[in-house]
Ligand code: OGA
Ligand code: NI
């Protein structure tokens with residue numbers, strides 16, 4: 001089965017679906033609110049009529065022990081650089097995802113980041129409901145992922161923050177997250193600068209090529225809280241998707257559930273103490289002219305929890321909002337002509353949302 005055939009759009013359709021969704025939204029307490037109310041069954045809005053399929057897929061792991069590559073960044077500035085660049089190229093080509101260790105983000109900041117995601121979601125409802133919104137143009141908003149049409153709701157709550165410039169805007173963050181999040185994100189931004197150099201070299205370009213393109217200057221930071229689920233085989237924490245940006249740096253807690261689609265199978269991305277996960281986004285695949293691949297991933301629901309994760313997505317900032325990005329010309333040759341149309345981040349996001357709502361990949365539709 002190819003992942004493109006696997007669609008989550010097949011929602012359980014029934015008359016009261018709209019009303020039940022509105023009720024869930026109006027609680028402003030997210031999925032956690034449902035769990036706290038003591039439910040033993042997954043409500044219908046979380047069910048997809050493809051639920052049996054999820055069940056079957058859970059068991060499809062790779063028996064060969066194939067796992068997402070782990071790349072050690074130690075000594076990346078001198079003697080190991082060539083090897084690291086090679087490993088990054090191979091991992092990004094074959095998997096679109098890799099874990100990194102010795103990345104110089106202090107472990108205490110990683111712990112505090114997940115800690116504040118936990119603290120935010122664990123607050124009494126009255127303290128967080130003011131942030132509840134589905135308006136993604138806000139600087140900070142907290143929400144349950146309920147999809148009005150075609151897809152089942154996800155078993156998670158999210159706090160999202162988007163910043164052009166983290167150092168000037170972090171006052172907008174809820175107090176409970178302010179210091180841990182800004183300290184963590186500052187380090188993640190430094191790591192992103194490093195990765196951009198290594199990725200540029202992996203593409204055979206000058207080290208500063210990606211940086212000069214100014215395509216990863218803005219960031220959205222999300223803190224997901226996946227509550228324990230009474231019937232984990234009937235719903236998903238996140239349905240399969242690729243990230244619609246350039247690059248994602250992800251931190252997950254020690255409860256598994258994240259899977260990546262590789263060679264026609266869902267493979268667990270096992271939590272690894274101290275590691276960070278790097279994912280190639282759709283737009284990096286586009287500008288690399290398919291040399292690097294974005295990765296399809298999803299999160300299973302778990303009986304235990306909460307599972308926590310923090311993702312930083314890098315994309316173009318406001319100044320480059322309408323700037324169009326296409327495949328990098330230096331990569332072209334007779335054998336390797338441009339594969340995609342040019343598109344801006346804002347246009348791509350719109351394009352992506354259309355396809356995502358019916359569970360299919362959007363990047364192939366931009367092929368020339
Ligand atoms: C995402 C995502 C994975 C996770 O936020 O896009 O894929 O582990 N998160 O929470
Ligand atoms: Ni994702």
For region 61-202, state what percent of all Cα-Cα pairs lands in each successive 5 Å bin, counting from 0 Å until the bin that includes the largest distance.
-> 2, 8, 14, 15, 14, 15, 15, 11, 5, 2, 0
Based on the alpha-carbon gyration tensor of region 111-270 and its eigenvalue square roots a ≥ b ≥ c, which shape applies: rounded if a/c is under 1.5, prolate if not and a/b is larger than b/c, or oblate?
-> oblate
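Quick one: length gained pulling residue 368 to residue 72 fully straight, 0.36 nm per residue minus the C-alpha distance?
102.9 nm
Would you kindly state how much longer the chain becomes between residue 134 and residue 193 on full extension, computed as 0.36 nm times their sequence separation minus their alpha carbon distance, in nm to one decimal? Don't skip to the end; give the middle numbers.
On the way: separation 59, 0.36 × 59 = 21.24 nm, distance 3.08 nm.
Stretched fully, the residue 134-residue 193 segment lengthens by 18.2 nm.
Grab the beta carbon distance between residue 125 and residue 214, set R0 = 45 Å, and tell me the FRET efficiency rounded to 0.05.
So the FRET efficiency works out to roughly 0.65.
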At the level of C-alpha centres, the distance separating region 64-134 and region 317-368, in angstrom, is 25
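Obtain the radius of gyration and the Kirkwood radius of the chain from its C-alpha atoms and give Rg over Rh.
0.95
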Taking only the alpha carbons of region 75-114, what extent do you get along each of the three principal axes, in Å, biggest first?
-> 32, 26, 8
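Of the beta bridges DSSP finds with both residues in the chain, what % are antiparallel, to the nearest 5?
On the way: 48 of 52 bridges.
Bridges in the chain that DSSP calls antiparallel: roughly 90 percent.
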Mind computing the radius of gyration and Dmax over the alpha-carbon atoms of region 225-269? Å is fine for both.
-> 12.2, 35
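Across all directions of projection, what mean area in square nanometres is found for the Cα convex hull of region 184-332? Intermediate results must be reported in sequence, preceding the final value.
Working: hull surface 38.8 nm².
The directionally averaged projection comes out at 9.7 nm².
Over the chain, calculate the relative contact order: mean separation of alpha carbon pairs under 8 Å at least 6 apart, over the residue count, as a percent. Can you show the working numbers first?
On the way: 733 pairs, mean separation 79.6, N = 368.
Once divided by the residue count of the chain, the mean separation gives 22 percent.
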Can you work out the FRET efficiency for the pair residue 334 and residue 169, with r the C-beta to C-beta distance and R0 = 51 Å, to the nearest 0.05?
-> 0.65
In degrees, nearest 10, the alpha-carbon axis of helix 17-27 is tilted away from the dominant principal axis of the alpha carbons of the chain by 90
Average silhouette area of region 261-368, convex hull of alpha-carbon atoms, in square nanometres | 9.5
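Laboratory data are not the source of any read-out in this text; all were calculated from the coordinates shown. Everything numeric here is computed off the predicted structure, so don't read it as measured data. When we count neighbours, we look across all protein chains shown, and the Cβ atoms used for this are built from the backbone with ideal geometry, even at glycine.
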